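Here's the structure, in structure tokens; my notes come after.
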Amino acid sequence: SEIVQLIQKDRIDILVDLDGHTANNRLLVFACKPAPIRVTGFDFVATTGLKTMNYRFSDPIMTPPKLWKFNSEKIYYLTTHLHWKPPLIHILITDPPSISQKNITLGCANSLFKLNQKVIALWSQILNWIPSSHLSLKADRLHDSETIEWFLQCFKTYDIEPHRISFQSGQGEHIDYLQFYQSIDIALDPFPYNGGITTCEALWMGVPLITLAGGRRAGESILITVGLPDLVAQTPEDYIHLTIALAKNKERLSQLRTILRNKISDSPLCNGPAFAKEVETAYQWMWENYYGGH
């Protein structure tokens, strides 16, 4: 194809895929082996399945050694696969809403396709265990009455009445998403497809997040990197217990509200220069490893 010829004409040594299996990806270009070294990474952290892809960036939590055999590429570990830059918006961290409202507000601002039936069932158990709790959801399609009604019916299957769930449309400015976290006490991570940017934004706004280990492992990777392994649930039952325990501990909720922004800002997730240096070192190693053997 034209793009393959262009890459070869420019004599690219290392060709990097940033899309993986997403819409309008260019993986077929990599199948043609247009460059000596082909690398994938910085997308959804999954194998391409291509034998022509040499390496995939990840980290030890996102892709533990026991999963290497399921990847067509060789895994190259970074300290953290995820890099996030805090928003350049001045927005204050407020007290947990439960201090003034006397009830716990749980929340999620992830895309709706991540909210499968198992997620809804588990969140419903939490709502039933904490009778005074409320669930707030924010997403792009939550301006649609039919979508809202569908979710209400799903939750009603588990005896959750409509007044215990609120919906906010995600159509708006970025600051609207950040302000959403001012209105919730605890963020709930969906599974097996966790949040990424939404998780970082929740922590940056001082909101602790409960995630379930396994699946995509993004939530687990972020929380451990930030220094919050105690918020990672190993089983669905553990997910429930961790959420309930945190909901009951108002003192810890208040404490986390004041320290989480600094914890994530000071973590490897937000250390751009160190991340860039690691990636540069990786490319250098790949280049020397290839040309040293030819």
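The values are calculated or read from the model by the stated rules, or taken from the named source; none is laboratory data. As the structure is a computational prediction, the values presented were derived from the model and not from experiment. With ideal geometry, Cβ positions are generated from the backbone for all residues, glycine too; neighbour counts draw on all protein chains shown. In case anyone asks, the SASA skips ligands and DNA or RNA and just uses the protein heavy atoms, side chains included. Shrake-Rupley method; radii C 1.70, N 1.55, O 1.52, S 1.80 Å.
In the set (1) surrounded by 12 or more Cβ atoms within 10 Å (Cβ to Cβ); (2) touching a residue at least 24 places away in the same chain (Cβ under 8 Å); (3) closer than 24 Å to residue 95 by Cβ, the condition left unmet by residue 287 is number (3). Among the residues making up the range 50-61, those that are touching a Phe, Trp or Tyr at 6+ places or on another chain (Cβ under 7 Å), part of a loop (DSSP other than H, G, I, E, B) and either buried (at least 18 other Cβ atoms within 10 Å of the Cβ) or of a type in the set (A, V, I, L, M) (or both) are 50, 53, 59. Of the set (1) open to solvent by less than 30 Å² (accessible area, probe 1.4 Å); (2) under 23 Å from residue 206 (Cβ atoms); (3) not β-branched (Val, Ile, Thr), all apply to residue 262 but (1).
Residue check: is residue 199 within 27 Å of residue 220 (Cα to Cα), free of Cβ contacts under 8 Å to residues at least 40 places away in the same chain and among the β-branched types (Val, Ile, Thr)? Against the criterion (within 27 Å of residue 220 (Cα to Cα), free of Cβ contacts under 8 Å to residues at least 40 places away in the same chain and among the β-branched types (Val, Ile, Thr)), residue 199 qualifies. Within this structure, residue 102 passes the test of being more than 22 Å from residue 284 (Cβ to Cβ) and of a type in the set (D, E, K, R). Under the condition of being at pLDDT 95 or above and among the small types (Gly, Ala, Ser), the residues counted in the range 198-217 number 3. Output the residue which, of all residues in the range 63-77 that are of a type in the set (Phe, Trp, Tyr) and part of a helix (DSSP H, G or I), is surrounded by the fewest Cβ atoms within 10 Å (Cβ to Cβ). Selected residue: 70.
Taking the numbered list (1) open to solvent by 40 Å² or more (accessible area, probe 1.4 Å); (2) in contact (Cβ under 8 Å) with a residue 60 or more places away in the chain; (3) not β-branched (Val, Ile, Thr) in turn, residue 257 passes all entries but (1). Looking only at the range 22-49, residues that are surrounded by fewer than 20 Cβ atoms within 10 Å (Cβ to Cβ) and part of a helix (DSSP H, G or I) come to 4 in all. Residues considered: 243, 225, 281. Of these, the only one that is out of contact with any strand residue (DSSP E or B) (no Cβ under 9 Å at 6 or more places or on another chain), closer than 28 Å to residue 91 by Cβ and β-branched (Val, Ile, Thr) is 225. Only one residue in 13, 19, 43 is within 21 Å of the chain's Cα centre (by Cα), over 23 Å from residue 220 (Cβ atoms) and not β-branched (Val, Ile, Thr), so which one is that? It is 19.
Restricting attention to the range 116-145, the residues that are within 17 Å of residue 233 (Cβ to Cβ) and among the aliphatic types (A, V, I, L, M) add up to 7.
In the range 263-279, the residues that are closer than 17 Å to residue 199 by Cβ form no Cβ pair under 7 Å with any partner that is among the aromatic types (Phe, Trp, Tyr) and open to solvent by 30 Å² or more (accessible area, probe 1.4 Å), whether six or more places apart or across chains.
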